[in-house]
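Undergrad: Pasting in a structure now, in structure tokens, and then I'll have a few things to ask.
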């Protein structure tokens with residue numbers, strides 16, 4: 001029987017077959033969120049879907065902090081994938097709105113277990129995940145290329161309407 005030796009995965013050794021990225025140790029430029037308590041490593045790797053839009057895989061790195069909701073965002077043209085890779089997270093969401101108004105009184109929070117993928121519908125309001133039980137949790141994010149720059153509407157929640165997520 002023929003034996004095949006396992007090779008070390010490097011960009012050079014794998015380039016003829018495709019590309020790869022380590023999503024639990026993200027590298028490169030990032031956008032800071034929540035005053036430096038979360039980081040968004042954008043467009044780490046690209047996924048050609050064969051269509052007109054290229055999907056990207058990014059990482060949101062959430063740090064364990066007070067679960068205070070003071071901002072929320074939405075993408076009017078695209079869905080978003082969130083997959084916690086190395087720990088549980090809490091996400092907050094609010095229903096999509098036709099006119100872009102942000103329904104602060106309708107924000108809900110959900111515990112997303114490690115390894116569970118969530119797909120948010122187009123125009124659903126949401127924010128960066130909150131880490132649960134760990135100092136840092138990395139979550140895979142998939143969006144169309146540059147959606148964070150071209151289709152991202154951020155709403156800063158006025159102080160009197162801000163909320164804190166509680167767990168039982």
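Since every read-out is calculated from the coordinates, none of them should be taken as a lab result. Just so we're clear, the structure is a prediction, and the values are computed from it rather than from any experiment. Methodologically, a virtual Cβ is constructed for each residue, glycine included, from the backbone with ideal geometry; neighbour enumeration extends over all protein chains shown.
Undergrad: Could you check which residue among 25, 58, 13 shows the biggest mean-square fluctuation in a GNM of the chain with a 10 Å Cα cutoff?
TA: 13
Undergrad: Take the alpha carbon atoms of the range 90-168, find their radius of gyration, then divide it by 2.2 N^0.38 Å using N residues; give the quotient. Working shown, then result.
TA: Working: Rg = 13.5 Å, N = 79, 2.2 N^0.38 = 11.6 Å.
Cα-based Rg divided by the globular estimate yields 1.17.
Undergrad: Return a whole-number percent for the relative contact order of the chain, with Cα pairs under 8 Å and 6 or more residues apart as the contact set. Walk me through the intermediate numbers first.
TA: Details: 353 pairs, mean separation 47.3, N = 168.
Computed over the chain, the figure is 28 percent.
Undergrad: Rank 115, 51, 87 by mean-square fluctuation in a GNM of the chain with C-alpha springs under 10 angstrom and give only the top-ranked residue.
TA: Greatest mean-square fluctuation among the candidates belongs to 51.
Undergrad: Still on this structure, I have one more. With a ≥ b ≥ c the root eigenvalues of the C-alpha gyration tensor of the range 1-89, is it rounded (a/c under 1.5), prolate (a/b larger than b/c) or oblate? Show your work: numbers first, answer last.
TA: Working: a/c = 2.68, a/b = 1.72, b/c = 1.56.
Since a/c reaches 1.5 and a/b is larger than b/c, the shape of the range 1-89 is classed as prolate.
Undergrad: Quick one: Debye curve from the alpha-carbon atoms of the chain only, equal weights, vacuum; give me log10 I(q)/I(0) at q = 0.08 Å⁻¹ to two decimals.
TA: For the chain at q = 0.08 Å⁻¹, log10 I(q)/I(0) is -0.27.
Undergrad: Name all residues of the range 137-168 having a backbone nitrogen under 13 Å from the label point set 7 Å from the Cα of residue 105 along its Cα→Cβ direction, giving them as ranges.
TA: 161
Undergrad: Could you sort the peptides 136-143, 71-78 by per-residue average Cβ neighbour count (10 Å cutoff), highest mean leading?
TA: On the way: 136-143: 21.9, 71-78: 17.9.
Packing order, densest peptide first, comes out as 136-143, 71-78.
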